[in-house]
1. Against the condition under 30 Å from Ala257 (Cα atoms) and of a type in the set (Ser, Thr, Tyr), how does Ser234 come out, does it pass?
2. Which residues, counting only those in the stretch 150-177, are in contact (Cβ under 8 Å) with a residue 40 or more places away in the chain, more than 30 Å from Asn320 (Cβ to Cβ) and surrounded by 10 or more Cβ atoms within 10 Å (Cβ to Cβ)?
3. Do we have Leu44 as modelled with pLDDT under 75, closer than 19 Å to Ile112 by Cβ and open to solvent by less than 50 Å² (accessible area, probe 1.4 Å) here?
4. Considering only the stretch 347-403, how many residues are surrounded by 14 or more Cβ atoms within 10 Å (Cβ to Cβ), more than 30 Å from Gly86 (Cα to Cα) and of a type in the set (A, V, I, L, M, F, W, C)?
5. When Phe251 is evaluated against the numbered criteria (1) assigned to a strand (DSSP E or B); (2) open to solvent by less than 40 Å² (accessible area, probe 1.4 Å); (3) out of contact with any Ser or Thr (no Cβ under 6 Å at 6 or more places or on another chain); (4) of a type in the set (A, V, I, L, M, F, W, C), which criterion, by number, is the only one it fails?
6. In this structure, does Tyr229 turn out to be under 26 Å from Asn162 (Cβ atoms) and under 18 Å from the mean Cα position of the chain (by Cα)?
7. Consider Ser252 carefully, then state whether it is touching a Gly at 6+ places or on another chain (Cβ under 9 Å), farther than 30 Å from Val293 by Cβ and of a type in the set (Ser, Thr, Tyr).
8. For Tyr365, which of the numbered conditions (1) touching a residue at least 24 places away in the same chain (Cβ under 8 Å); (2) under 22 Å from Pro289 (Cβ atoms) fails to hold?
Amino acid sequence: LGVDAVVVTALGIKKQEKALTYNVQEVSGSIVNTVKDANFVNSLSGKIAGLQINASASGAGGSTRVVMRGVKSINGDNNALYVVDGIPLPSLRSKQTEGIYETPDGGDYEGIANINPEDIESMSVLTGATAAALYGSQGANGVILITTKKGQEGRVRVNYANNTTFSSPLVMPEFQNTYGTSSDAPSMSWGEKLVSPPHRYDPEDFFQTGFDETNSIGITAGTERNQTYFSAASVNTRGIIPNNVYNRYNFSLRNSAVLLPEKLTLDLGATYMKQYSRNALVQGIYHNPLIGVYLFPRGDDIRKYQLYERYNAGLGYTFNATLKWNVTDWLTLSGRVRTDNTRMNYTRKIYASSNTLFASEYGNYLNHTMSHNNLYADALLSIDKSFFDRALSLQFNLGASLT
């Protein structure tokens, strides 16, 4: 960026980059749209200095951990705060079982993971404590500011994009094919040498070719005083683990209007998202198919065994509004409000004859539903006044927020 470039900082305040006393890194929306991922946050890996992206091994649509410049808490939350169009997103990360036996991944319930990347205009990353100070303890781990697209003045423009990727295991462990099982240890491969194996078992055959297909359409149109933006997107993903499926559908509508020329503007937006995730890979020893795949006795027939895990996610919708009043050319008053409503449903089926550590001899069925409602509102008074032919400038902000 040039020294005269204007960047978006905390609370949607715009400042010249040369006037900042802290580090702000700008990232264009094209960065996360070149090669798409079911969770677009993974596309930021290697793109931002000091940003550590840790994607889980839970398959398609799994959660992602974002840490800026190192871990700050041993047992607390180290994830960055996400702010969309000046409004912080609530943390919806689910409380999930952790331990040696199993750690199911319910996916990433944070709103950021479910955003349509085609709606992103640009991102600003606030990595220092000074930069994130206006967000208080919420911004202690750094802040990622996201500016979404608005309608544009002029004729109707339609943009369609498709991105399709395929995936397969890159590196597999090396397995021996010499020894089979014994009566003392029928589930191990420490028996006598195999003369003629009944079935040549190759763990690589367990995996399938995964794919991730994203289709999106964006429509923009408007006049000098009113602009509208609409987008719709679908993400259909199949993981490399059999029966691992992730589908997501996004809809977004935004309208910007000038109520009083050069004085009063109103920005309204609404988004709706629905996702479905099935059979996310479980970490740990139990209910993790890779343990059995890799330790499966050599020479046995794996076709006698199947995977029965099922998972179901939920839906959410968001409404937001911003009203801005330019009292004078140096005094601005703005107010914003946003509501997030999310409903999540998690279903787990453990069939009869499964390990009784988690179920009875007849199996186990769990159906868990959680609703989350969040309301955010703020007001901001901003003064940006220059004196003595711009030789001296004054910037002052006074505001309050409610969550």
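The values are calculated or read from the model by the stated rules, or taken from the named source; none is laboratory data. What you see is a predicted model, and the numbers here were worked out from it, not measured in a lab. Cβ atoms come from the backbone with ideal geometry, glycine included; neighbour counts cover every protein chain shown. Side chains included, ligands, DNA and RNA excluded: accessible areas come from the protein's heavy atoms. Shrake-Rupley method; radii C 1.70, N 1.55, O 1.52, S 1.80 Å.
1. It is true that Ser234 is under 30 Å from Ala257 (Cα atoms) and of a type in the set (Ser, Thr, Tyr).
2. Thr164, Thr165, Phe166, Ser167, Ser168, Pro169, Phe175, Asn177
3. Criteria not met by Leu44.
4. Total satisfying the criteria: 3.
5. (2)
6. When the stated conditions are applied, Tyr229 does not pass them.
7. So Ser252 fits the description; yes.
8. So the condition that Tyr365 fails would be (1).
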